[in-house]
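Heads up: the structure comes next, in C-alpha cells.
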Amino acid sequence: MSERKVLQGNIIVAKAAISAGCNFFAGYPITPSSEVAQYLSKEFPQMGRDFIQMEDEISALGACIGASLSGKKVLTATSGPGFSLMQEHLGFAVMAEIPLVIVNVMRGGPSTGIPTKPSQADMMQTRWGTHGDHPIIVLYPAFSDEIFSETIRAFNLSEKFWNPVILLLDEVIAKAHEDIEIPEKKDINIYKEKVNVIKDLNIYDRNIGENPPRVDFFKGYPIHIDGLEHDSHGWPTSDPVIADKMQNLRMQKIYHYQDEIIKFNEYHMEDAEIMVFAFGVSARAALNAVKEARDEGIKVGLFQPLTIWPFPKKALQERFKKIKKILTVEMNMGQIKYEIERVSPDDVKKKTLLRANGIPFTPKEIVNSIREFTK
Amino acid sequence: MNKYEKYIRYQTFPTPWCPGCGDGIVLKSIAMAFSDLDIDPNDIIVVAGIGCSGRMPTFFNTNTLHTTHGRALTFATGVKLSRPDKLVVVISGDGDALAIGGNHLIHAARRNIGIKMILINNGVYGMTGGQVSPLTPQKFVTETTPYGNIEPKFHPAELLIAARATFVARETVNRTIQLKEVIKKSFQHKGFSVVEAISNCHINLGRKNNMKNPVKMAKWIAERTVTKAQFEKMTPAERDHKYPVGILQENTDRYEYSELYHKHIVTAAKESAKKNKKK
C-alpha cells in the first residue's frame, strides 16, 4: 500500500534515499539541509547502514567517494557554502567516474549569504562549479511527489552513467511540511546494475558513447582509481591522444543519452503563445500565474524542467517553432536566462523576471509580467 | 622473484622519484610488511593524496586510490567504514598531511578509525619544486623561503598524541629493518596508526642547504636520530633538532571506530526500533 503522509521536503529526500537502497551517508551540518542528515543518523543504524558526520564538507564528499568505490550507494546533503567546498571532490568523482548523489538545498548567496531564505542562484555553479570540462547531471523537483521521484531518479542516473548527480532543492520546499503519497515498493523503479566481473586492470576501456561498467574495490582484482587524467587502466598519463579520448568518453556518456536524462513537465502549452520557463518554487508560483492569466484569456503555458543539466535544448527549440515569446522566472540576478538566449532563435522575444533578495515570487507578480508581455 | 614482489605493480614503473630518494625505501618496506603478514592483495587498499608520496599507490599491486591533496584520509574513512574487514593504508607527505590535510589528520586520530597511515616526512614540498612545508626545519632555505624559514615546525607525534591517536611511531629511511618492523606493527594495531618515516629530499631541500648529496643528507638524518630514552633526557631546546624513533604511543584500550559503529550504534538503534514497535 502506498502511504499518505505530511512530511518535510528534506525528510522526503531522506525517505526516497532509503527506498532507493542508499546505504551510506557522510555529511556536515548546514542550514537548510541538516534534517536529511538528522533523519538518516536515526534511520540508517537501525537498518545496519552507515552514517558518519565528518569534519567538513570536503571530507564528507571524500568519504562518500571512498564508500561508493567500496560498493555502497551514497548520499550527502548540503547548501551553498558547503556545496562550494565540495567542488574539489565533485571534480574527482567526475574524473574517476564515481556514482554519488549530492543534495544542494539552495540558500541566499554569495558566501554565507542568507542562510534561512530561498534562492535559485546555484544554477551555474552546479554546471561549472568544479574546474575543468566535465559532464554533470542536475535534477530540480518542484512539487512534493517530484522530490521523492527525482531523488530515486538521481540514484538511478548516477549508477547508470557512473557520474555524480546533483539534486537541487529550494529552501522553502525543503523546509515546508507537505502532503505526499509515498509509492509502494513495487512501484518504485530502481536501476539494477549489471554485475561486472573485473578480469583485468583495463577498467575504463570502452568506446565513445558506451556506458561505463561498474568497477569497485575488493572485487577479486585489485584496481587503480586516480584523479589524474588516466588511461583505460586508470594509470596516470599526460599523453594527448589518450587525454583526448578520455575527455570525450566522459562527456559523451552523458550527451549521448541526454534524451533519456532530460525530463520536464508542461502545463497549458497546447495553444500557448507565451511560454513561462520556471523551476522549483518559482514553477509553483508560475503554474498558478498561468492559470490566472488563462482565466483572463491570455494564451500562456508553463515549461518546468526537471532536468536542468544537460539543458533541455532540443525540447525548447521544438517549441520555439510555434511559440515566439518566453518569460524566464528565476530567483537570481539572471543565470538560466543566458542559456535560454543561447538556445532560442533571434525571432523569439525574451523577457525575464528576476529577484535575489530571499523572497519568492508570488503568482500575482508573474501574472503582471505575463500581462506586460502580451503588449 | 622475492616474496614481497607479489605486492609490486611493475607495469606502472618507472617511478617519478629522483635517484636516491627515500620514497623507494618506504615503498619496499610497506610491500615487505604486507608480505610478512601474508595478506591477500585484494584485501588491501592503499590510498594517497598529492605529492611525491601521492604517486606511491600506483606501484602497489593492491587496490589503490590516488586522491586529492591532503584528503586521502577522508576517502579512506569512507572505505574503512564500508569495509571494516579490509586493510586500509594511507600514504601521505608532510605538506599533504600537516598543511592542507591537517584537519583531516587530527579528526581521523580522534575517531580512532582503523586506517594505517605512513607519513613520509622529507621536510619540503618536493613535487612542486621545493617550497617550505610545516615540517621544514627553521632557517632552512627553500624556493619560498629564500632568506631562511622563520616558522617553527610541527612535532607530528606530539600533535597526534594530543589528538588522541592510539598508535604513533617514527623511523627513518636509514633504518630499513626497523622501518619495516614498525610498519608491520602498525598494520596489526586495531585503531588509527601513524608511522612517520623521515626521508631525504636532497634534490629539492638538501641542494639549497649544503646537502645535495643523498649520503650527506642521510648522515644529517642519522645525526638527528635518537632513541626515545635518549630523547626523554634532553632539554626542550635540544629536543627541537632531534627525532626520537620507535613506538612513541601505543594504546590498545580504545575501540576502533567502525567496530564501535557496527557493534554499538547499530545494536542500540535496532533495539530502540524494536521498543518503539512494541509501543
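Observations on the model:
- Annotation note: of A:I30, A:I65, the sole residue that is surrounded by 24 or more Cβ atoms within 10 Å (Cβ to Cβ) and in contact (Cβ under 8 Å) with a residue 12 or more places away in the chain is A:I65.
Residues checked against (1) closer than 20 Å to B:S186 by Cα; (2) at pLDDT below 95; (3) within 8 Å of chain A (Cβ to nearest Cβ):
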{"position": "B:F59", "(1), (2), (3)": "no, no, no"}
{"position": "B:H66", "(1), (2), (3)": "no, no, yes"}
{"position": "B:P84", "(1), (2), (3)": "yes, no, no"}
{"position": "B:L87", "(1), (2), (3)": "yes, no, no"}
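- All conditions but one from (1) of a type outside the set (D, E, K, R); (2) within 28 Å of A:K199 (Cβ to Cβ); (3) in a loop (DSSP other than H, G, I, E, B) apply to B:G70; the one that does not is (2).
- Residue, nearest to B:G93 (Cα to Cα), within region B:105-136, restricted to residues that are charged (D, E, K, R) and buried (at least 18 other Cβ atoms within 10 Å of the Cβ): B:K116
- Among the residues here, B:V245 does not qualify as in contact with a helix residue (DSSP H, G or I) (Cβ under 6 Å, 6 or more places away or on another chain) and under 21 Å from B:A33 (Cβ atoms).
- Cβ-Cβ under 6 Å pairs, at least 6 apart or on other chains, region B:137-164 side buried (at least 18 other Cβ atoms within 10 Å of the Cβ), far side acidic (D, E): B:P156/B:E196
- Exclusive hit being in contact with a Leu (Cβ under 9 Å, 6 or more places away or on another chain) and of a type in the set (D, E, K, R), set B:R170, B:R164: B:R170
- Filter pass, B:G51 being on the phi > 0 side of the Ramachandran plot, touching a His at 6+ places or on another chain (Cβ under 7 Å) and in contact (Cβ under 8 Å) with a residue 40 or more places away in the chain: no
- Look at region B:86-103: where a residue is within 15 Å of A:E55 (Cα to Cα) and touching a residue at least 24 places away in the same chain (Cβ under 8 Å) and a partner is among the charged types (D, E, K, R) and crowded, with 24+ Cβ neighbours inside 10 Å, sitting 6+ places away or on another chain with Cβ atoms under 7 Å, you get B:G101/B:R71.
- Enumeration of residues in region B:246-279 that are within 14 Å of chain A (Cβ to nearest Cβ), over 18 Å from B:R110 (Cα atoms) and charged (D, E, K, R): B:K263, B:K270, B:E271, B:K274, B:K275, B:K277
- Single residue of A:A16, A:A20, A:A96 found to be touching a residue at least 12 places away in the same chain (Cβ under 8 Å), within 14 Å of chain B (Cβ to nearest Cβ) and on the phi < 0 side of the Ramachandran plot: A:A96
- Residue in region B:111-131 that is within 14 Å of chain A (Cβ to nearest Cβ) and without any contact (Cβ under 8 Å) to a residue 60 or more places away in the chain present: no
- Residues of region A:186-194 include at least one that is part of a helix (DSSP H, G or I), touching a residue at least 40 places away in the same chain (Cβ under 8 Å) and more than 12 Å from the chain's Cα centre (by Cα).
- Region A:126-150, subset under 16 Å from A:N265 (Cβ atoms) and among the acidic types (D, E), residue surrounded by the fewest Cβ atoms within 10 Å (Cβ to Cβ): A:D145
- Selection within region A:26-50 - closer than 25 Å to B:G102 by Cβ and either aromatic (F, W, Y) or modelled with pLDDT under 95 (or both): A:Y28
- Some residue of region A:335-349 being assigned to a loop (DSSP other than H, G, I, E, B), within 25 Å of the chain's Cα centre (by Cα), modelled with pLDDT of 95 or more and not hydroxyl-bearing (S, T, Y): yes
- Those residues of region A:39-61 which are surrounded by fewer than 18 Cβ atoms within 10 Å (Cβ to Cβ), out of contact with any strand residue (DSSP E or B) (no Cβ under 6 Å at 6 or more places or on another chain), over 18 Å from B:L73 (Cβ atoms) and more than 7 Å from chain B (Cβ to nearest Cβ), in sequence order: A:K42, A:M47
- Whichever residue in region B:1-22 is surrounded by fewer than 17 Cβ atoms within 10 Å (Cβ to Cβ), over 21 Å from the mean Cα position of the chain (by Cα) and within 14 Å of chain A (Cβ to nearest Cβ) and, among such residues, is nearest to B:I45 (Cα to Cα): B:K6
- Scanning region B:191-239 for residues that are under 19 Å from the mean Cα position of the chain (by Cα) and of a type in the set (S, T, N, Q) yields B:S193, B:S199, B:N200, B:T225.
- Meets criteria (within 14 Å of chain B (Cβ to nearest Cβ) and either surrounded by fewer than 24 Cβ atoms within 10 Å (Cβ to Cβ) or over 17 Å from A:V138 (Cβ atoms) (or both)) for A:S84: no
- Out of A:V138, A:V101, A:V105, sole residue that is touching a Ser or Thr at 6+ places or on another chain (Cβ under 8 Å), under 26 Å from B:L73 (Cβ atoms), away from every other protein chain (no Cβ under 14 Å) and not in a helix (DSSP H, G or I): A:V101
- Positions within region A:209-229 being more than 9 Å from chain B (Cβ to nearest Cβ) and not acidic (D, E), in sequence order: A:G209, A:N211, A:P212, A:P213, A:R214, A:V215
- Of all residues making up region B:24-50, the number that are β-branched (V, I, T) and either part of a strand (DSSP E or B) or within 14 Å of B:N61 (Cα to Cα) (or both): 6
- Set side by side, the residues A:D231, A:D239, A:D205, A:D226 differ, and just one is in contact with a Pro (Cβ under 9 Å, 6 or more places away or on another chain) and closer than 30 Å to B:T15 by Cβ, which is A:D226.
- Of the residues making up region A:312-334, those that are hydrophobic (A, V, I, L, M, F, W, C) and under 20 Å from the mean Cα position of the chain (by Cα) are A:A315, A:L316, A:V329, A:M331.
- Residues of region A:235-286 classified as buried (at least 18 other Cβ atoms within 10 Å of the Cβ), of a type in the set (G, A, S) and either outside the structural domain of A:N332 (by TED's automatic domain parsing) or over 30 Å from A:K175 (Cα atoms) (or both), total: 1
- Residue count for region B:34-56, restricted to those that are under 16 Å from B:Y10 (Cβ atoms) and either in contact with a Lys or Arg (Cβ under 9 Å, 6 or more places away or on another chain) or facing chain A (nearest Cβ under 7 Å) (or both): 3
- Residue match in region A:116-125 (condition: in a strand (DSSP E or B) and surrounded by fewer than 23 Cβ atoms within 10 Å (Cβ to Cβ)): no
- Condition met for A:D216 (within 25 Å of A:L90 (Cβ to Cβ), modelled with pLDDT of 95 or more, within 25 Å of the chain's Cα centre (by Cα) and not in a strand (DSSP E or B)): no
The values are calculated or read from the model by the stated rules, or taken from the named source; none is laboratory data. For clarity, every value in this text was computed on a predicted model and none was experimentally measured. No Cβ is skipped: glycine too gets one built from the backbone with ideal geometry, and neighbour counts run over all protein chains shown.
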